[in-house]
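Enquirer: I am attaching a structure below and will ask some questions about it afterwards.
What follows is calculated from the coordinates using simple rules that are stated; it is not laboratory data. Being a predicted model, the structure only gives us computed values, none of them experimental.
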Amino acid sequence: MTGSESSADDGLLVHLEYLAGLYPDLPLAHSRQSPVAEASPVTRTSPVKGDPGISLFPGGEEIRQEPGGEDRNSMNGESALIKLSGLSGIVASCRDCPLGESRTQAVFGEGDPKARLMFIGEGPGAEEDRTGRPFVGRAGELLTKMIGAMGLKREQVYIANAVKCRPPGNRTPELLERDACKHFLLDQIRIIRPGAIVLLGQTAIFSMLTQNSPISSVRGVESSLPDFPGIRVMPTYHPAYLLRNPQAKVLVWKDLQQVMSWLSLPLPADPGKK
Ligand code: URA
């Protein structure tokens, strides 16, 4: 079998999987636990340590489910998982823009298919292109800490990018590339239906809000997406920007705390108060 025959077969398979995903009652052999699938089963066992402005995003906070807080949404989670995996197969063979030719592999996104919180970054870098996973480089380490500071684990949120393929030399994705990829991101949001989305950096903001949304004016300002009026959107700085400008962490932490309050996640104790 030639390479092109095998990718045609793969394409057919993913389309079938995707169609199968449209039937939510299709049984799966396993069931998933989704600790943040509902409004409040999550409690933090310990508050975030330290002043977030100084030692920001300490991460690694354990969370647990309250007794009786088992996942009440597992069928939806399974169906979302099937739909996402079908969509991911389509993305894997996408050639809708020039990035499809130069990438090693598409980076679809990862996380809880029914996450209440979604992060959207810019696009894969070298490490992501190599591993096929989003946010695994230095910026990814910081993002993981940011998620930890919110009392969550990476696998409890969903992480995706404005474009699924690495731009050569890690350049910023162009308008044409963002536009070509946007429908995949909208499909991801449609399937996951998070309660809140954090847009990380200017590219994600341009992609999801308007082209007239400079980060300097929209950062920290609650926004919404025309197609998803119920989802609360927080534009903030990209972790890569924070690596270069650590003084901006305090602003991002403020934004993330705002998002936590939207989701009724327990806020860390104010270090100044008992
Ligand atoms: N890694 C990603 O997946 N996205 C970014 O925006 C940056 C690094």
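Enquirer: Would you please give the residues with an amide H less than 5 Å from that of Asn161, counting only those at least 5 places away or on a separate chain, with H modeled from the backbone geometry?
Expert: Correct list: Gly121.
Enquirer: Can you tell me the Rg and the Dmax, both Å, for the Cα atoms in the range 122-174?
Expert: That works out to 11.6, 35 Å for Rg and Dmax.
Enquirer: While we're on this one: Based on the Cα gyration tensor of the range 85-228, what are the three equivalent ellipsoid semi-axes, each the root of five times an eigenvalue, rounded to whole Å and given largest first? Intermediate results must be reported in sequence, preceding the final value.
Expert: Working: eigenvalues 86, 64, 49 Å².
The equivalent ellipsoid of the range 85-228 has semi-axes of 21, 18, 16 Å.
Enquirer: Here is a further query. Starting from the amide H of Ile231, placed 1.01 Å from N in the peptide plane, find each other amide H under 5 Å away whose residue is 5 or more places distant or on another chain.
Expert: For Ile231, whose amide H was placed from the backbone, the distant partners under 5 Å are Leu225.
Enquirer: Using only the alpha carbons, work out the radius of gyration and Dmax of the range 187-274 in angstrom.
Expert: Answer for the range 187-274, Rg first and Dmax second: 13.9, 45 Å.
Enquirer: Next question, about the same structure. Using only Cα atoms, what Kirkwood radius does the range 81-146 have, in angstroms?
Expert: Working: mean 1/r = 0.0775 Å⁻¹.
The Cα-based Kirkwood calculation yields 12.9 Å.
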